[in-house]
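Okay, so here's the structure we're looking at.
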Amino acid sequence: MLIIRAEQLAAFQQAAITTLENQLLTHIQTVTPVLTATLGEIPLRLAVQQAMTNAAQYELTERAAIRLFVELRFLLGSAFESDPQYHWIVPILRDKEIPQMVRALQIYEKTVDYQTQVLGEGGINTRTALQNLLLFMQQPFLLSMRDFGPGMLRVLTDIFPLKAAYLGEEALQGIIRSGYAQARELGFPTLRSYGVLTGLMFVCGHGCIADPLYSWIAQILKDTQTPDVIAEQLNKQTLLWLEQMLAAAPEGIATVGITPIAVDSDSIKESSQ
């Protein structure tokens, strides 16, 4: 009689996890060639590992469900599951009374609608949003503390009109509050630096400040220099990053992490039946 010991079972399980991780990494490398060429394997693998770990917290164990979660992490940005911009995802993920593959299918269908209505074919609308963010950063910052909230609401709407309309004012206010709170915690000295950080979180996801795909942001924010120096560095590097992204080939827009990624809907549908 074959007896499989606990340590052997754990080894088998770890081997299966590693195999899935490698498969997902290869998939991401295939659909984001410019991102892969820019960052290399280590940050991409770390991002995949983080997504797989987070998926487990929502009891997503089926391969198709994990794959969808990983893809959403690249499509919508780091920490998408807690991002106020994507409020429609949270209640579905947390409703563990619903089978995981039914939840995965619901999220997938909503994501396809978001891709169609907001991002556009090939993420073309995202590229326009980056151009608008660059334009915003090149202009004088005229908002005051008194009108920062309403003013940034207008700014975000100007940067990405389709996304702003789709998300609604409440979601936009959520990302503005998140950006403001983070900038204040960092001790940024000017409202302009508050606006830059909020704009980045709007375009790249509110978790971009600690995202391995945007390691340059984390490196700047963790600097030991004074807040005013850090804020100025963030401003300069954001301008440089935007110029590099807009100078790249169209598929290079994948480096911002929100270019549409193909999702295997057939396997999700089959598993949910």
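The values are calculated or read from the model by the stated rules, or taken from the named source; none is laboratory data. Nothing here was measured: the structure is a model prediction, and the numbers come from that model. Don't worry about glycine lacking a Cβ; one is built from the backbone with ideal geometry, like all the others, and counts go over all protein chains shown. Side chains are part of the model used for accessible areas, which takes the heavy atoms of the whole protein and leaves out ligands, DNA and RNA. Shrake-Rupley method; radii C 1.70, N 1.55, O 1.52, S 1.80 Å.
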Which numbered condition in (1) open to solvent by less than 30 Å² (accessible area, probe 1.4 Å); (2) modelled with pLDDT of 90 or more is the only one that residue 50 fails?
(1)
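Looking at the stretch 137-182, which of the residues that are among the aromatic types (Phe, Trp, Tyr) and open to solvent by 30 Å² or more (accessible area, probe 1.4 Å) is farthest from residue 80 (Cα to Cα)?
Let us first name the residues in the stretch 137-182 that are among the aromatic types (Phe, Trp, Tyr), namely 141, 148, 160, 166, 180.
Those still in the list that are open to solvent by 30 Å² or more (accessible area, probe 1.4 Å) too: 141, 166, 180.
On the way: 141: 28, 166: 16, 180: 18 Å.
Step by step, filter the stretch 137-182, then rank; the result is 141.
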Quick check on the stretch 69-91. Is at least one of its residues open to solvent by 20 Å² or more (accessible area, probe 1.4 Å) and more than 30 Å from residue 173 (Cβ to Cβ)?
no
Kindly indicate whether any position in the stretch 109-117 is in contact with a Leu (Cβ under 8 Å, 6 or more places away or on another chain) and aliphatic (A, V, I, L, M).
no
Of the conditions (1) aliphatic (A, V, I, L, M); (2) open to solvent by 10 Å² or more (accessible area, probe 1.4 Å); (3) closer than 22 Å to residue 204 by Cβ, the single one that residue 119 does not satisfy is (2)
